[in-house]
Amino acid sequence: GIETAQDGTFWVAFFTIRNWLLDAAHPFPLLKKWIAALPRPLWPKPQRYGLACQFDSTGTVRKCLHDIEGTKVTQVTSATPHAGWLYFGSLEHFSIARIAYP
């Protein structure tokens, strides 16, 4: 989910934050294969967290918006600026969230 804003910046949506268990498993391909072979209900669950960040053309972070408890929006898949608003898409919500965006 990368969207271009009119000012030339980019908004990037992040589905969730990193999972320490999966990060720890990364150097061990057999462990990752074992985790992937588990039945889906046993897979590590993504943390309820809303996150989207704005970057400039050099890749510098300009702004990050966090919903640390995932109460307003979680599992963000898109952050789209349009007509003074920033719209958020999510796999978990059946509606689109928005905030005023200058």
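Could we say that ALA36 is open to solvent by less than 80 Å² (accessible area, probe 1.4 Å) and over 19 Å from PHE10 (Cβ atoms) here?
Criteria met by ALA36.
Picking from PHE55, PHE28, which residue would you name as being surrounded by 13 or more Cβ atoms within 10 Å (Cβ to Cβ) and modelled with pLDDT of 95 or more?
PHE55
Assess whether ARG62 counts as being modelled with pLDDT under 95 and either open to solvent by 40 Å² or more (accessible area, probe 1.4 Å) or not in a loop (DSSP other than H, G, I, E, B) (or both).
Here the answer is no, as ARG62 does not meet what is asked.
Residue-by-condition table, conditions (1) under 18 Å from ALA100 (Cα atoms); (2) assigned to a helix (DSSP H, G or I); (3) of a type in the set (Phe, Trp, Tyr); (4) in contact with a Ser or Thr (Cβ under 7 Å, 6 or more places away or on another chain):
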position	(1), (2), (3), (4)
LEU30	no, yes, no, no
LYS33	no, yes, no, no
PRO41	no, yes, no, no
ALA52	yes, no, no, no
THR58	no, no, no, no
HIS66	yes, no, no, no
THR80	yes, no, no, no
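Going by the structure shown, is THR74 among the hydroxyl-bearing types (Ser, Thr, Tyr), under 14 Å from TYR49 (Cα atoms) and either within 15 Å of the chain's Cα centre (by Cα) or in a strand (DSSP E or B) (or both)?
Here the answer is yes, as THR74 does meet what is asked.
The values are calculated or read from the model by the stated rules, or taken from the named source; none is laboratory data. In this text, all values refer to a predicted model and were calculated from it rather than measured experimentally. Note that each Cβ is placed from the backbone with ideal geometry, even for glycine, and that neighbours are counted across all protein chains shown. SASA here: full protein model, heavy atoms, side chains in, ligands and nucleic acids out. Shrake-Rupley method; radii C 1.70, N 1.55, O 1.52, S 1.80 Å.
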